[in-house]
Amino acid sequence: MKTYNFRLKPDQDLFDSIEAFAADKKIEAGCVLCAVGSLTHATLRLANREYYNEYEGHFEIVSMTGTVAISGSHIHVSISDGDGVTVGGHLVSGCRIYTTAEIVLAVFEDVIYKRELLENDSGYEELVVYKKT
């Protein structure tokens, strides 16, 4: 396992920056080990919804987990406001960094993650893990 540690700056897009980092480092299979930081705008897809919810204000990133790969990432995030009210869902483009986001990724060099539409499954492109040869 290899790890990467990086910091995002104000106004960067959280999801797009992680995707760009994965592309730059050619990450074929990885996961978010930890992430902390803050947002001024959040865009999330909540459970079992096809549309996005938008949130304005100041939020702390209290949790973030998911798979990361150049073939597509699947990340969930939880954020809390100044009163501690917390919401979580699918991380998508549109989450803007307020002060910082500190990201730690683990990379697995013996497998490749792919996203594929599987017959008789969820209807979404799902994770398929291939052994590297």
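The values are calculated or read from the model by the stated rules, or taken from the named source; none is laboratory data. Here the structure is a predicted model, which is why all the values come from computation and not from measurement. Cβ coordinates were reconstructed from backbone atoms using ideal geometry, including for glycine residues, and neighbour counts include every protein chain displayed.
Which one of these is among the basic types (K, R) and more than 30 Å from G123 (Cβ to Cβ): R49, R45, R7?
Numbers: R49 fails: more than 30 Å from G123 (Cβ to Cβ); R45 fails: more than 30 Å from G123 (Cβ to Cβ).
From the options R49, R45, R7, the qualifying one is R7.
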### Task
Restrict the check to the range 34-56 and report whether at least one residue is at pLDDT below 95, hydrophobic (A, V, I, L, M, F, W, C) and over 30 Å from M1 (Cα atoms).
yes
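Per-residue answers, yes or no, for (1) basic (K, R); (2) touching a strand residue (DSSP E or B) at 6+ places or on another chain (Cβ under 8 Å); (3) closer than 14 Å to L105 by Cβ:
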residue	(1), (2), (3)
A20	no, no, yes
C31	no, yes, yes
Y52	no, yes, no
H58	no, yes, no
### Query
Which of the residues that make up the range 102-114 are closer than 18 Å to F21 by Cβ, over 12 Å from the mean Cα position of the chain (by Cα) and assigned to a strand (DSSP E or B)?
E102, A106, V107, I112, Y113
### Query
How about the range 111-132: which of its residues are surrounded by fewer than 11 Cβ atoms within 10 Å (Cβ to Cβ) and within 14 Å of I27 (Cα to Cα)?
K132
### Query
Applying the selection to the range 24-63, what residues are surrounded by 20 or more Cβ atoms within 10 Å (Cβ to Cβ) and in contact with a His (Cβ under 7 Å, 6 or more places away or on another chain)?
L44
### Task
Filter the range 115-133 for residues that are closer than 22 Å to M64 by Cβ and either assigned to a strand (DSSP E or B) or modelled with pLDDT of 90 or more (or both) and give the result.
R115, E125, E126, L127, V129
### Message
Here is a list: V104, V128. Which entry is out of contact with any Phe, Trp or Tyr (no Cβ under 7 Å at 6 or more places or on another chain), more than 27 Å from I61 (Cβ to Cβ) and β-branched (V, I, T)?
### Response
V128
### Query
Would you pick out the residues in the range 49-72 that are in a strand (DSSP E or B), in contact with a Gly (Cβ under 8 Å, 6 or more places away or on another chain) and hydrophobic (A, V, I, L, M, F, W, C)?
I61, V68
### Message
What are the pairs with Cβ atoms under 7 angstrom where one residue, in the range 1-18, is buried (at least 16 other Cβ atoms within 10 Å of the Cβ) and the other, located anywhere, is assigned to a helix (DSSP H, G or I) and among the hydrophobic types (A, V, I, L, M, F, W, C)? Sequence gap at least six, or different chains.
### Response
L8/L14
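I'm checking my understanding of the structure. Among residues of the range 68-96 that are among the β-branched types (V, I, T) and buried (at least 17 other Cβ atoms within 10 Å of the Cβ), which one is nearest to A23 (Cα to Cα)?
The qualifying residue nearest to A23 (Cα to Cα) is I70.
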### Task
Collect the residues in the range 73-91 that are part of a loop (DSSP other than H, G, I, E, B) and either touching a Pro at 6+ places or on another chain (Cβ under 7 Å) or over 15 Å from L14 (Cα atoms) (or both), keeping them in residue-number order.
D81, G82, D83, G84, V85
